[in-house]
Amino acid sequence: MDMKVAKKLGLKDRYNLMTRDLAWTPTYQAVKDVYPYVEYEGIKIHDWDKFEDPFRMTMDAYWKYQAEKERKLYAIIDAFNQNNGHLGVTDARYINTLKLFLTGVTPLEYMAHRGFAHVGRAFPGAGPRVACLMQSLDEIRHAQTQIHSLSNYNRFYNGFQNWRHQHDRVWYLSVPKSFFDDAITSGPFEFMIAIGFAFEYVLTNLLFVPFISGAAYNGDMGAMAFGFSAQSDESRHMTLGLEIIKFILEQDPDNLPIVQRWIDKWFWRGYRVLTLVAMMMDYMLPKRVMSWKEAWEIYAEQNGGALFADLARYGIRVPKGWKQACDDKDHLSHQAWNVFYNYGAAAPFHTWCPGEKDMDWLSAKYPESFDRYYRPLWQHYAAEAKEGRRFYNTTLPMLCQTCQIPMFFTEPGDPSKICYRESTYHGMKYHFCSDGCKEIFDNEPQKYVQSWLPVHQIYQGHCFPPDADPTKPDFNPLAEVLRWYRIEFGRDNLDYEGSPDKKNFDAWHELAKGN
Amino acid sequence: MSNVFIAFQRNEETRGIVDAILADNPTATVNEQPAMVKVDVPDQLVIRRATIEEQIGRAFDLQELHVNLITLSGHIDETDDEFTLSWKH
C-alpha cells in the first residue's frame, strides 16, 4: 500500500500557521471597540502582520519546553531541601540578598504577569499577542517558583515571613513597587517599551545574571535553580522587547519621538531600581562574582552600547541619563549600602559594616573612589560600633517624588555633594534626586503627584497599626511603624552581628560536624 | 564592530552546544563563570544544528536551546538548521 507521508512543516511555516493564521478580524463588533487602548498614546501601526517573533515559538513548543524546565527546576529544589541546603551557603549574611529579592522582586514578577496579559489583550496583532501571552505565563511561573524556592529558607531564617504584606508598605519596597505600578498604569505601547525593552533588554542582565551566578558561587542551589530557570525565559522576553521596538519604529516615522521619550524615561526609572542590585553585588554577597562596576561595563556599556549603535539607524540615541549612569558606577553601591546601614533598624533584613578583607576587595575594584570617599566612612562606623554605639539613623529621609529613593545620590561630577532638584506644580513643591527624575515628573506631573511616598505617609499618620494611640505620652512613632510593617524588632532587623540568624547559623554548623 | 553573545547554564547538555559554537565560530571567546558559560563573538554568532548533532551524537532541535539558555544579545534569526545572532551596524 502506498502511503503519502506529509513532509514535516518547517519552523517558519509552522509559526505562520499557528499564530497569524489562527487570528481573525472581528465582524460583530468594530475593531476599535475590541481594541480600545491601541490609539490613544499616539503610536501609529499600519500593518500588524509585519511583526514576527524571530524564535518562531508556537504555543505547542512553548508548553513542551516550559514543562521540561519545570521538571528540572523542581528536581533541583527537592534535592536542595532534602539535603539541608540552607546550611550549605557560604555565610548567613548571604541569606539577606534573598530576603531583599523575595520582598522586592518576586511581587514584580506577578505584576509583570498581569501587565503582559493586559497588553497582549490590547494589541490587535496576533504575533505580539502570542508573544505577550507566553511572557505573561512565564512571569507567573517566575513568581511561583521563587516563592517555592525561598519557602525552605523561611523555615530556618528570619525576615521572609511577611514578604507580601511588606511589599505594599516598607519604605524601600515602594521603590520597586512604584516602578511597576508606573509601568502597568501606562498605555500598552509604553508598557512594552518600559518593561519589554528598557527593563528586559537593557537592564535585566544586570539583575539576574550576576546575582544568580553569585547565588551559585555562594552555595545556594535553590536560588540558582529558580534564577536560571527564569532567565531561560528572559531571552525570549528580551527578544520580544527588541523586536517590538524595531516594529514600532518601522511602522511610522511619527513614532520615533514618542518612543525616544519613553526610552529616556524608562531607562532612568529602571536604572534607579537597580541601585538595590548594585549594593547587593558589592556588599551583600560574602563571595562576589564581579563588582557592580564590572557588571555595568559588560552588560550596560558594552552590550547596551552595541544595542544603541544598532538602533541609531532608526534615529534612536542613547537614553538621556546614560552618561550619568556610567559616571556613577564608581559610587552607586557604596552610597546605597551606607543608607541601608543607616536605616538598618527599619528594614526586615540585616546590614553590616564590610570587614577589612571586604574593604580590600572594594578598594581593588574601585581604585578611583573607595579609599578616598568610602573606606573612611566604614572605618568610622566600625569604630563607633566597637565602642557600643552602632549607628542607627532615627530621623526619616527625604524621598524623591519620582523614584521614591531617599535623597542620597550625589551631584554629577561631585561625590561629596548631595544632589537636590525641585519643581513647583499647582503651588506645591516637589523634590527629586536627579535631573532624570525631575524631568520624568515635569513631563507627567499629574501622575507623579499621586505617589504614595512612605515618609510622607508616616508623617501623615497612615502607617500605624489600628491599636496605636498617638495621644499616649510614651507613644513611639517609629516602633509603631515597625509593628505596622510586621517587623519584629531585634529579630528581623538591626545589624547582622548579634542577630538570631547569625547565632543559629553558627550553632547549626557546630551541630553539622558530628553528634 | 560589537560583540554578540549567548550564555548557557554550564552542564552536560550545554558542553556539546558550546563545543559546536566554538567549532563554527573561530573568533569566539569563552568566559566561564559560576554555573554559567558565556560565549562572545564579534558581529555574528552562528549555531548549526548539524554541528551540535555531531558533538552530542543524537538528533537535536534548535528550540531545545531554550531549556538551558540564560541570556543573549543581538538580532536573532532562527531556522530549522541555524540560529544566528548579529548586529547590523
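The values are calculated or read from the model by the stated rules, or taken from the named source; none is laboratory data. Everything numeric here is computed off the predicted structure, so don't read it as measured data. Because the Cβ atoms are built from the backbone with ideal geometry, glycine has one as well, and the counts that use them run over all protein chains shown.
Looking at the structure I just gave you, is A:Asp233 modelled with pLDDT of 95 or more and out of contact with any His (no Cβ under 6 Å at 6 or more places or on another chain)?
no
Tally the residues that are within 16 Å of A:Ile458 (Cα to Cα) and buried (at least 18 other Cβ atoms within 10 Å of the Cβ), restricting the search to the range A:374-401.
Matching residues across the range A:374-401 total 4.
Select, from A:Asp47, A:Asp91, A:Asp60, A:Asp78, the only residue that is at pLDDT 95 or above and among the charged types (D, E, K, R).
Answer to the selection: A:Asp47.
Please name all residue pairs, on different chains or six or more residues apart, with Cβ atoms under 8 Å, provided the first residue is in the range A:45-65 and is within 12 Å of chain B (Cβ to nearest Cβ) and the second residue is of a type in the set (Lys, Arg).
A:Phe55/A:Arg236; A:Arg56/A:Lys12; A:Arg56/A:Arg14; A:Met57/A:Arg236; A:Thr58/A:Arg14
Does the range A:305-339 hold any residues that are out of contact with any Leu (no Cβ under 9 Å at 6 or more places or on another chain), away from every other protein chain (no Cβ under 14 Å) and hydrophobic (A, V, I, L, M, F, W, C), and which are they?
Scanning the range A:305-339 gives A:Trp322, A:Cys326, A:Trp337, A:Val339.
For the range B:65-89, give me each residue that is in contact (Cβ under 8 Å) with a residue 24 or more places away in the chain, at the interface with chain A (Cβ under 8 Å from one of its Cβ atoms) and not small (Gly, Ala, Ser).
Once the filter is applied, which keeps residues that are in contact (Cβ under 8 Å) with a residue 24 or more places away in the chain, at the interface with chain A (Cβ under 8 Å from one of its Cβ atoms) and not small (Gly, Ala, Ser), the range B:65-89 yields B:Val67, B:Asn68, B:Leu69, B:Ile70, B:Thr71, B:Leu72, B:Asp80, B:Trp87, B:His89.
Being under 16 Å from the mean Cα position of the chain (by Cα) and hydrophobic (A, V, I, L, M, F, W, C) is the filter; apply it to the range A:285-308 and report the residue that is surrounded by the most Cβ atoms within 10 Å (Cβ to Cβ).
A:Trp292
Give, as residue ranges, the helices (runs of 4 or more DSSP H) completely inside the range A:426-515 that count at least 3 residues that are in contact (Cβ under 8 Å) with a residue 12 or more places away in the chain and surrounded by fewer than 19 Cβ atoms within 10 Å (Cβ to Cβ).
Once the helices (runs of 4 or more DSSP H) in the range A:426-515 are filtered for at least 3 residues that are in contact (Cβ under 8 Å) with a residue 12 or more places away in the chain and surrounded by fewer than 19 Cβ atoms within 10 Å (Cβ to Cβ), what remains is A:435-443, A:454-459, A:477-485, A:500-512.
Would it be correct to say that A:Pro348 is within 30 Å of A:Phe505 (Cβ to Cβ) and under 26 Å from the mean Cα position of the chain (by Cα)?
yes
Let me confirm something: among A:Ser369, A:Ser363, which residue is surrounded by fewer than 16 Cβ atoms within 10 Å (Cβ to Cβ), touching a helix residue (DSSP H, G or I) at 6+ places or on another chain (Cβ under 6 Å) and not assigned by TED's automatic domain parsing to the domain that holds A:Val289?
From the options A:Ser369, A:Ser363, the qualifying one is A:Ser363.
Mind checking which helices (runs of 4 or more DSSP H) fall wholly inside chain B and carry at least 2 residues that are closer than 30 Å to A:Lys287 by Cβ and within 10 Å of the chain's Cα centre (by Cα)?
So the answer is B:12-24.
Go through (1) more than 23 Å from A:Glu488 (Cα to Cα); (2) buried (at least 18 other Cβ atoms within 10 Å of the Cβ); (3) within 14 Å of another protein chain (Cβ to nearest Cβ) one by one and return the number of the condition A:Tyr94 breaks.
(1)
Test A:Leu332 against the criterion of being at pLDDT below 95 and not charged (D, E, K, R), and give yes or no.
Spelling it out, it is not the case that A:Leu332 is at pLDDT below 95 and not charged (D, E, K, R).
Look through A:Arg375, A:Arg390 and report the one residue that is farther than 28 Å from A:Ala194 by Cβ and either in the same structural domain as A:Glu294 (by TED's automatic domain parsing) or in contact (Cβ under 8 Å) with a residue 60 or more places away in the chain (or both).
Unique residue meeting the criteria: A:Arg390.
Residues checked against (1) surrounded by 22 or more Cβ atoms within 10 Å (Cβ to Cβ); (2) assigned by TED's automatic domain parsing to the domain that holds A:Glu243; (3) touching a Lys or Arg at 6+ places or on another chain (Cβ under 7 Å):
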position	(1), (2), (3)
A:Asn154	no, yes, no
A:Gly159	yes, yes, yes
A:Leu173	yes, yes, no
A:Ser178	no, yes, no
A:Thr185	no, yes, no
A:Phe189	yes, yes, no
A:Phe197	yes, yes, no
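Test A:Tyr299 against the stated conditions and say whether it is at pLDDT below 95, within 14 Å of another protein chain (Cβ to nearest Cβ) and either touching a strand residue (DSSP E or B) at 6+ places or on another chain (Cβ under 9 Å) or closer than 18 Å to A:Tyr201 by Cβ (or both).
yes
Looking at this structure, is A:Ala75 loosely packed, with under 13 Cβ neighbours inside 10 Å, not acidic (Asp, Glu) and not assigned by TED's automatic domain parsing to the domain that holds A:Asp138?
In short, no.
Is there a residue being within 21 Å of the chain's Cα centre (by Cα) and closer than 17 Å to A:Pro176 by Cα anywhere in the range A:455-470?
No.
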